[in-house]
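Here is the structure we will look at, set down as structure tokens.
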Amino acid sequence: MATVSLQDVRKVYRGGVAAVKGVTLDIADGEFVSLVGPSGCGKSTTLNLIAGLEELSGGELRIDGQRVNDLSPRERDIAMVFQSYALYPHLDVAGNLAFPLKVAGMGAKDVDARVREVSGVLGLEALLARRPKELSGGQRQRVALGRALVRRPKVFLFDEPLSNLDAALRTQMRGEIKKLHEQLKATFIYVTHDQSEAMTLSDRVVVMSQGEVQQVAPPRELYDAPANLFVAGFFGSPRINLVKPQTLGLSEGDAVLGLRPEHLQVGQGAMPEDAREGRVYLVEPMGAEVWVTVETGGERLVARAPGDFRAASGDTVWLRHDARYLRRFDAKTGRAV
């Protein structure tokens, strides 16, 4: 377990391409922090800088208070889990788990004890004699987790470890990683492009775009109080409605208004005084709820409706918003106001 501190960390490649632009971040001992953002935002490069797989172009990186800028990955006492599993195909599960311990020179008796301990934690006891090709995707990912776990590193790094799994397995493994963190109380740094993973797993989320940190906050705060238009639009499914004030019958000057679909009521029949008329553009049944896209005031807004809501494209409906949940952003800077 350890703290991790990045101070003005930068990475510039040949040709002047800046992948990471002055990232400053302090991660507490035992904290679960996710780096999230679209492809090319710099999140994986930042993780590689922490791991020592990339050299810093500037700034300072400390692990547990020690400056590690010039230390090799092995000297940093970290373990990394990749999306590709990175298992040795010629070794069985026990051999894959034992490999990093043998390389480190641990005695056979201690290696066996550590492998048994970790396989018990991850539910791999019945799979120890199997080769990777005989395992499912979820089982392979558990072995990859186990190989990191056996080393008992100061910091665990995860680079999109679930992206190769189908939706059901991703959900299952997400829960297993969360429980593992609760058990170990270790420092986890997790890279993902999936907002659901970031929101459900993390103590705090670091949102990145174009090599820069946009906001660092607990998941609920990111959703309820985004720092700018980028963060507001990145989190939430369906996406937040970003509209001109006039669309909602308001006069807010040079501003963009944000309203989550769950804070926009859609109805049929008699229209309340504080509602606006619109026409249904699209209806998307989602089981427990229905996503209804409505055209009004020259824009399209998405509202969440109960699962029994019935409407068809072209129907006339009304929309009513809850002003308590309106978020205002400066139209020029994109920052929350």
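The values are calculated or read from the model by the stated rules, or taken from the named source; none is laboratory data. Bear in mind that the values here come from a model prediction, so they are computed numbers and not experimental data. We place every Cβ from the backbone using ideal geometry, glycine too, and count neighbours over all the protein chains shown.
Remarks
- When each of L56, L87, L61 is tested for being in contact with a helix residue (DSSP H, G or I) (Cβ under 9 Å, 6 or more places away or on another chain) and assigned to a strand (DSSP E or B), the lone residue that passes is L61.
- Test: residue in the range 181-195 that is of a type outside the set (K, R), assigned to a strand (DSSP E or B), surrounded by fewer than 22 Cβ atoms within 10 Å (Cβ to Cβ) and touching a residue at least 24 places away in the same chain (Cβ under 8 Å): no
- Qualifying residues in the range 205-264 (those that are of a type in the set (D, E, K, R) and in a helix (DSSP H, G or I)) - the one farthest from N48 (Cα to Cα): E262
- Single residue of the range 247-279 satisfying the filter (touching a His at 6+ places or on another chain (Cβ under 9 Å) and of a type in the set (D, E, K, R)) that is surrounded by the fewest Cβ atoms within 10 Å (Cβ to Cβ): D274
- For the range 304-326, the candidate set comprises residues that are under 13 Å from T247 (Cβ atoms) and buried (at least 19 other Cβ atoms within 10 Å of the Cβ); within that set, the residue that is modelled with the highest pLDDT is L319.
- Pairing residues of the range 75-87 that are at negative phi and β-branched (V, I, T) with residues that are assigned to a loop (DSSP other than H, G, I, E, B) and at pLDDT below 90, at Cβ distances under 6 Å and at least 6 apart in sequence or on separate chains, gives V81/P161.
- Test result for P161, part of a loop (DSSP other than H, G, I, E, B), surrounded by fewer than 23 Cβ atoms within 10 Å (Cβ to Cβ) and not aromatic (F, W, Y): no
- Pairs linking a residue in the range 109-127 that is farther than 12 Å from V150 by Cα to a residue that is basic (K, R) and at pLDDT below 95, with Cβ atoms under 9 Å and 6 or more positions apart or on different chains, are G123/R142; L124/R142; E125/R116; L127/R142.
- The residues of the range 65-103 that are surrounded by fewer than 17 Cβ atoms within 10 Å (Cβ to Cβ), under 24 Å from the mean Cα position of the chain (by Cα) and more than 21 Å from G42 (Cα to Cα) amount to a single one, A86.
- As a summary of the residue check, S119 satisfies the conditions (1) within 20 Å of D166 (Cα to Cα); (2) touching a Gly at 6+ places or on another chain (Cβ under 7 Å) except for the one numbered (1).
- Residue within the range 280-291 that is in a strand (DSSP E or B), surrounded by 13 or more Cβ atoms within 10 Å (Cβ to Cβ), among the acidic types (D, E) and not assigned by TED's automatic domain parsing to the domain that holds Q215 present: yes
- Of all residue pairs spaced 6 or more apart or on separate chains, those with beta-carbon atoms under 7 Å, a first member in the range 138-161 that is closer than 27 Å to S39 by Cα and a second member that is in a loop (DSSP other than H, G, I, E, B) and of a type in the set (S, T, Y) are R140/Y85; Q141/Y85; A144/Y85.
- Positions within the range 39-52 being at pLDDT 95 or above and part of a loop (DSSP other than H, G, I, E, B), in sequence order: C41, G42, G52
- Applying a threshold of 6 Å to beta carbon distances and a minimum spacing of six or more residues, or different chains, the list of pairs starting in the range 212-225 at a residue that is over 21 Å from H263 (Cα atoms) and ending at one that is part of a loop (DSSP other than H, G, I, E, B) reads Q215/A227.
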